[in-house]
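**Student:** Handing you this structure, nothing more for now.
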Amino acid sequence: MYGKKVKLRVLFLFLVITTLVLSIYLILKSLEENVVYFLSPTEIRNLAEIKEEKIRIGGMVKNQSIIINSNEINFIITDLKNEINVSYSGSIPNLFSEGKGVVAEGYLRDRNFLSATKILAKHDENYMPPEVKEALGDK
Amino acid sequence: MLKLFEPNKIFKITSKAPKYVLFLFIIVLSIGLMEALFLSPEDYKQSHSVRIMYVHVPSAWLSLGIFSVIAFFSLGIFIFKNKNFSLIAKSLAPIGFIFSIIALVTGSIWGKPTWGTWWAWDARITSMLILALFYLMYLLSWKIFQNQDKAIKISSIIAILGFINIPIIKFSVDWWSTLHQSSSIKILSKTSIHSSMLIPLAIMTAAFTLFSILIFLMKYNTELIKIKNKGLDRL
């Protein structure tokens with residue numbers, strides 16, 4: 001139906017795109033460490049060494065773990081397997097609360113303790129009106 | 001069949017259709033804005049800032065969708081050497097670019113009260129910025145190269161290269177840990193947006209799609225007028 005030229009061009013494009021996709025896959029795979037925005041407490045536990053660089057840890061704020069004294073706030077980030085203690089002084093986002101997602105940026109003192117320089121609240125993919133949330137909570 | 005292309009026939013449609021699309025767009029947009037701004041409830045956690053979603057999400061979807069269509073036509077340009085495809089691709093780009101910028105800006109405005117930051121270099125946001133840059137390169141390639149054949153070639157290369165970024169944007173939230181939340185609307189599992197918020201989102205998406213079609217038809221019409229002025233009956 002189509003000429004030989006058209007078939008050759010399809011083959012050529014197919015090869016070009018396959019090569020590109022594969023190379024980009026390899027590049028992203030090797031850069032994975034830098035592509036992820038944060039590490040989970042379990043990944044922190046399994047780190048080979050603790051670097052002095054800034055690091056981000058993400059997870060859930062453990063229930064009843066927030067302690068506020070004067071201008072310092074302490075809380076625990078958990079991924080339900082491992083936990084990291086965080087201490088921070090500065091402004092916190094409005095949506096920061098217990099049982100909700102959080103990303104803390106700062107310096108690791110050891111495998112259990114992060115002194116944070118920035119706190120971000122992580123929002124999840126659930127959207128619903130307050131009445132529905134209450135109804136769900138009652139169950 | 002693909003080689004034949006009569007501007008006169010298409011011109012009849014593209015010169016009349018915009019006013020009907022505009023009419024439909026205004027109606028759907030009014031209903032959508034009414035739903036999104038007043039009738040839909042506030043979110044249990046974000047309260048009223050959830051309303052930004054009704055602009056942010058359709059813009060992001062459309063900017064991805066339009067780029068995919070441009071890339072699809074660019075493949076067609078390479079394979080069939082069809083010049084009409086290049087006019088279609090060229091006319092789609094401006095509105096796609098605007099939507100990618102709207103998605104970035106509204107995301108930033110939403111990010112400040114929700115996350116506590118205007119910007120984060122996570123995979124979703126960075127890949128979305130790359131999409132906006134690809135749109136910009138695409139548009140500039142049409143402006144820079146005066147030689148039409150060269151412009152067609154370079155712009156299609158940019159579109160095909162940029163298309164690889166589209167699945168990266170879509171799946172970035174699943175492949176890597178990102179600050180951006182993962183998709184609420186999934187093909188395989190239940191959506192996690194309550195129906196009272198899903199309906200305004202759907203209406204706003206319809207409105208934005210109509211707007212894209214409107215701008216596309218107007219741009220396409222302009223391209224056809226340019227060809228007519230050159231005194232060509234076909235490309």
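We did not get these values from a lab; they are worked out from the coordinates using the rules stated. All of these numbers come straight from a predicted model, not from anything done at the bench. As a convention, Cβ positions derive from the backbone with ideal geometry for all residues, glycine included, and neighbour counts pool all protein chains shown.
**Student:** Going by how many other beta carbons lie within 10 Å of each one, how would you line up A:ASP110, A:ASP79, fewest first?
**Tutor:** On the way: A:ASP110 9, A:ASP79 18.
Lowest count first: A:ASP110, A:ASP79.
**Student:** Report the chymotrypsin sites (Phe, Trp or Tyr not before Pro) located in the range A:1-78 that are in a DSSP loop and have at most 14 other Cβ atoms inside 10 Å of their Cβ, or state none.
**Tutor:** Numbers: sites: A:TYR2, A:PHE12, A:PHE14, A:TYR25, A:TYR37, A:PHE38, A:PHE75; in loops: A:TYR2, A:TYR37, A:PHE38.
The qualifying sites are A:TYR2.
**Student:** How large is Rg/Rh for chain B, to two decimals, with Cα atoms and a Kirkwood Rh? Write out the running numbers ahead of the final one.
**Tutor:** Working: Rg = 19.5 Å, Rh = 19.3 Å.
Ratio value, two decimals: 1.01.
**Student:** Where the only charges are on Cβ atoms (+1 Lys, Arg; -1 Asp, Glu), what is the dipole of the range A:37-122 about its Cα centre, to the nearest 20 debye?
**Tutor:** Values: 11 positive and 10 negative charges, 32 e Å.
The calculation lands at about 160 debye.
**Student:** Still on this model: A:LYS81: which lysines have alpha carbons under 17 Å from its alpha carbon, excluding same-chain residues fewer than 8 sequence positions away?
**Tutor:** The qualifying lysines are A:LYS62, A:LYS100.
**Student:** Using the structure shown, list the pairs from B:LYS12/B:LYS90; A:LYS133/B:LYS112; B:LYS16/B:LYS83; A:LYS29/A:LYS51; A:LYS54/A:LYS133; B:LYS90/B:LYS170 with a Cα-Cα distance above 26 Å, or answer none. Kindly include the intermediate steps, with their values, before the conclusion.
**Tutor:** Numbers: B:LYS12/B:LYS90 20 Å; A:LYS133/B:LYS112 24 Å; B:LYS16/B:LYS83 23 Å; A:LYS29/A:LYS51 22 Å; A:LYS54/A:LYS133 36 Å; B:LYS90/B:LYS170 24 Å.
Flagged as over cut-off: A:LYS54/A:LYS133.
**Student:** Mind sorting B:LEU198, A:LEU108 by how few other Cβ atoms lie within 10 Å of their own Cβ, fewest first? If you can, show how the numbers build up before the last one.
**Tutor:** Details: B:LEU198 16, A:LEU108 20.
Fewest to most other Cβ atoms nearby, the residues stand as B:LEU198, A:LEU108.
**Student:** What are the membrane-span-like helices in chain B by this rule: whole DSSP H runs, Cα extent along the axis at least 24 Å, mean Kyte-Doolittle hydropathy at least 0.5? Intermediate results must be reported in sequence, preceding the final value.
**Tutor:** On the way: long enough: B:7-34 (40 Å, 1.14); B:53-80 (40 Å, 1.80); B:83-114 (47 Å, 0.98); B:123-144 (30 Å, 1.47); B:195-229 (51 Å, 1.13).
Counting only whole DSSP H runs, the qualifying helices are B:7-34, B:53-80, B:83-114, B:123-144, B:195-229.
**Student:** Okay, next question. Counting helices only, and only those DSSP H runs with n ≥ 4, report the 222 nm mean residue ellipticity of the protein assembly as shown as the sum of -39,500 (n - 2.57) divided by its residues, in deg cm²/dmol to the nearest 500. Walk me through the numbers on the way to the answer.
**Tutor:** Numbers: 11 runs with 217 residues, N = 374.
It comes out at -20000 deg cm²/dmol, rounded to the nearest 500.
**Student:** How high is the relative contact order of chain B? Use alpha-carbon pairs under 8 Å, at least six apart in sequence, and give a whole percent.
**Tutor:** So the answer I get is 37 percent.
**Student:** For the protein assembly as shown, compute the orientation-averaged projected area of the C-alpha convex hull (one quarter of its surface), in nm².
**Tutor:** Details: hull surface 92.6 nm².
Over every viewing direction, the Cα hull of the protein assembly as shown projects on average to 23.1 nm².
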